[in-house]
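Everything below concerns the one structure shown next.
The values are calculated or read from the model by the stated rules, or taken from the named source; none is laboratory data. These figures come from a predicted structure and were not determined experimentally. Here the Cβ is made from the backbone with ideal geometry for all residues, glycine too, and neighbour counts use every protein chain on show.
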Amino acid sequence: MAIDAKNATWLKPFEEIRHAVAADGQWSRVLGAPGADLPTCGIHLAVFVEPFLGYLLDGTKTIESRFSITRQAPYEKVCKGDILLVKRSSGPIVGICRVGQVWFYNLDPESWSYIREHFARAICAQDPEFWKARESASYATLLQVKNVLSVEPVNWPKRSRQGWVVVSPGTAPDGGDES
């Protein structure tokens, strides 16, 4: 996808991320060279708080979860192969990863039980308070995170309080090449 005026506000930081991963062969292929068109897969910005940010970056957390009362991103907006820019809450982007498998749930007692039983450890959510804080949710998105790479901090022009932003929805039918 070509860079247009809509993308202009985040073009500079995206270029900084491309420079930050230039030495990593896999990531430089995925993101493309500085100045190139955007990747055809989706690009998402996800805000993380501690301790989950640290768990993601050190490889302990292999499944990211987002719970919501309404059908909002990333619910049905993220695909296998998409790129996830990892942003520290009230801070810069500090990592990048690829989305592996994705699961969407319209929550009911059975799906809540299934998620807790099968994903709690990978989400790093063994603390009952984690589940209590999300008990009013009606929807859940779970996504496998792969190829996690810490990057030098890159400031991003995010002003909203949203914890997830679809930066670019992507144009590849399957979320793009997952290499």
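The condition of being out of contact with any strand residue (DSSP E or B) (no Cβ under 7 Å at 6 or more places or on another chain), under 27 Å from PRO153 (Cβ atoms) and not aliphatic (A, V, I, L, M) does not hold for TYR114. Of all residues in the range 81-118, exactly one satisfies the criterion of being crowded, with 18+ Cβ neighbours inside 10 Å, over 21 Å from GLN162 (Cβ atoms) and out of contact with any helix residue (DSSP H, G or I) (no Cβ under 9 Å at 6 or more places or on another chain), namely GLY81.
Looking at GLY54, is it at positive phi and at pLDDT 90 or above? No; evaluated as a whole, the condition is false for this residue. Taking first residues from the range 126-150 that are at negative phi and β-branched (Val, Ile, Thr) and partners that are buried (at least 17 other Cβ atoms within 10 Å of the Cβ) and assigned to a loop (DSSP other than H, G, I, E, B), the Cβ contacts under 7 Å between residues at least 6 apart in sequence or on separate chains come to THR141/PRO74; THR141/TYR75; THR141/VAL78; VAL145/THR62. Taking the listed residues ILE93, ILE123, the one that is touching a residue at least 60 places away in the same chain (Cβ under 8 Å) and farther than 18 Å from TRP27 by Cα is ILE123, with no other qualifying. Do you know which of the residues in the range 24-60 that are in contact with a strand residue (DSSP E or B) (Cβ under 7 Å, 6 or more places away or on another chain) and assigned to a loop (DSSP other than H, G, I, E, B) is surrounded by the fewest Cβ atoms within 10 Å (Cβ to Cβ)? Per the stated criteria, the residue is GLY59.
For ALA73, the stated conditions do not hold, so it cannot be described as closer than 27 Å to LYS132 by Cβ, touching a residue at least 12 places away in the same chain (Cβ under 8 Å), in contact with a Lys or Arg (Cβ under 7 Å, 6 or more places away or on another chain) and surrounded by 15 or more Cβ atoms within 10 Å (Cβ to Cβ). Of the listed requirements (1) surrounded by fewer than 19 Cβ atoms within 10 Å (Cβ to Cβ); (2) of a type outside the set (Phe, Trp, Tyr); (3) in contact (Cβ under 8 Å) with a residue 12 or more places away in the chain, SER68 misses just one: (1).
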